[in-house]
Structures are given as structure tokens and as C-alpha cells.
Amino acid sequence: MSPFVDFQGVWLAYNRQLLAQGQYAVEDITLQMDRGEFIAIVGPSGCGKSTFMKLATGLNMPSKGTIRIDGQPVTGPLKISGMAFQAPSLLPWRTTLDNVLLPLEIVEPYRSSFRAKRDEYVAKARRLLASVGLAGYEDKFPWQLSGGMQQRASICRALVHEPKMLLLDEPFGALDAFTREELWCAMRDLQAAQRFNVILVTHDLRESVFLADTVYVMSKGPGRIIVERRIDLPRPRDLEITYTPQFTDIVHELRGHIGAMRKPVARIGGGLPQ
């Protein structure tokens, strides 16, 4: 079976001038992602994680190399993906339910049938909200929800049109530790039930190891993938696994790869840069 996501030798410079100067944001990215797989991209700030995300959604086209998703070459923004970011960005004048329904109002083929099928779509949105613990909050406005609740609603909005791929850019980074772990479990359960592909960009190594099937470590910019680490922990995973030696060993291994990139380079004669 062909991979669902297939990057082959992908390089990206953000404009022609940078391309002419050989200045790339990411270099030589080759990566294959199986159908139903959950991957995480980690690395230091500025390494190109978000650039990779834009390439995977068709928001940026590669300067060199090819990208195929679901068997088709990427030539522009994808309709088969949903996205959630660190800031939930819910519309403050819409209720939780209406925020979740928004993609069905504006994305085809749902848009043209929204009025006729509104009851069906509302029922779908309510089921999705219930699955992440937001039953009873459908008529609340964003300012009436906690940060974690807002992020749950944002994820539901990204999934309501049943995308084949969900892209998460630091979605839990602004939350407290307890809420973050609750949302890890919510995401784990949603993905296990629906088997959509997930690309997660995160700075949190524990998060990447808990959620992902494979973790990719990117180098400092220009970003390259320097480590591909398969996470061979049994599923379903519960939070207790994060306290096991097997889990912490993987986290420390990944941290070692990132820490090695941050070590200062010694000057000739043994002195360190000032």
C-alpha cells in the first residue's frame, strides 16, 4: 500500500531571492507516513517545524522535490485536512456549537447542502463535542469556557468535516499540565476511533512520545530530519505509562539529540564563544 504522506527530497526557500542565494528554510526532507499513522515533529525553535506543516497542507509549494498526499501530488491547499493551533481562535460571537459547525458552512461539499442538512450536521457536531467532554456546553460562548474547553472545541471544529488528516501546531502548549494531559487522552481516543492521520508539531517531548507512532527530530535551521524514532509502546496508552522507565528512556534519548544541537562550538585553542 502506498504511503498516505510522501515527501521526496523536499527543499523550500521562501522566495526567489533566497532560492538564488541557496538559503532554505528546510532541506532534503524525505518522509513517508502510513495511512492512519500519528507522527510528531520536534526540534529547537526555528528549525522548520511549522514550515513542514505548511508544506503538508499545500500552503507552501516546495522549491525542489515532490509531495504526494493520499496518492495525489500536492498542487495547492488541501481540502482533506483540518488544523488546530496553539490559540483556539474561536469566534467570540458564536456559540460552541456554531463554532464547530463553521467548516460545514464554508467548505464544499457541505456548504451547498448546509441548510438542507443542518439538523444532521448539528447532530454530528453534538456527538463530537460529547466525545471530548463538552456535552452541555454547546450553547456557551468562548468567554464562558476555560482554555482547555476552548481547545477541545477547536479540535472538534477541525474534525467536524471528517478530514483524512489533522495537523496540530502546538495545540496544547498554552495549557496547564493537568489540562494538557487530559487533552492528550482526548486526542488519543479520537484518533483511535476515527483513524485519521495526524501530524503534530510540538516542543513537548513527553507529548510526542505519548501520542505518536513515530517521532521525527529536526535540526536547527535550515531544517533537516536527523532522527526518525519509532515509538514501540503498546496502545492504548494511558498516563501511567509516562512514569515507566521505557517511556522516560525514549524521552531522554530524544532530548539528547536536541541537546547535542544546542552545545556551543569550541573556538580554536579550546575557548568557548563569549
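Values quoted throughout were computed directly from the atomic coordinates according to the rules given, and no laboratory measurement underlies them. Predicted model, so just to flag it, every value in this text is computed and none were measured. All Cβ positions, glycine included, derive from the backbone under ideal geometry; neighbour counts span all protein chains shown.
Sort 161-172, 185-196 for me by packing, meaning the mean count of neighbouring Cβ atoms within 10 Å per residue, highest on top. List each step's numbers first, then the result.
Numbers: 161-172: 21.0, 185-196: 16.4.
Packing proxy ranking, top to bottom: 161-172, 185-196.
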Would you please classify the overall shape of region 115-182 from the alpha carbon gyration tensor, given that a ≥ b ≥ c denote the square roots of the eigenvalues, rounded means a/c under 1.5, and beyond that prolate means a/b larger than b/c while oblate covers the rest?
-> oblate
At a Förster radius of 22 Å, what calculated FRET efficiency corresponds to the Cβ-Cβ distance of Ala130 and Arg35, to the nearest 0.05?
-> 0.25
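Subtract the Cα-Cα distance of Arg118 and Leu59 from 0.36 nm times their separation in residues, and report this length gain in nm to one decimal.
Numbers: separation 59, 0.36 × 59 = 21.24 nm, distance 2.98 nm.
Between Arg118 and Leu59, full extension yields 18.3 nm more.
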Please label the shape of region 1-142 as rounded, prolate or oblate, based on the square roots a ≥ b ≥ c of the eigenvalues of the alpha-carbon gyration tensor (a/c under 1.5 means rounded; beyond that, a/b larger than b/c means prolate, else oblate).
-> prolate
Among all the lysines, which ones have a C-alpha under 29 Å from Lys220's C-alpha, if same-chain residues fewer than 8 places away are not counted?
-> Lys49, Lys54, Lys64, Lys263
Largest-first principal axis extents of the Cα set of the chain (Å) | 72, 45, 41
Treating cross-link reach as a plain straight distance, find the aspartates and glutamates whose alpha-carbon is under 20 Å from the alpha-carbon of Lys124, omitting any fewer than eight places away in the same chain.
-> Asp98, Glu105, Glu108, Glu138, Asp139, Glu162, Asp189
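Mean Kyte-Doolittle of at least 0.0 plus a Cα span of 15 Å or more along the axis: flag which DSSP H helices in the chain meet both, please.
Numbers: long enough: 96-106 (17 Å, 1.01); 118-131 (20 Å, -0.66); 147-159 (18 Å, -0.10); 177-194 (26 Å, -0.34); 245-262 (25 Å, -0.31).
Qualifying helices, which must be both long enough and hydrophobic enough, are 96-106.
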Cα gyration tensor category, rounded, prolate or oblate, for region 59-177 with a/c compared to 1.5 | oblate
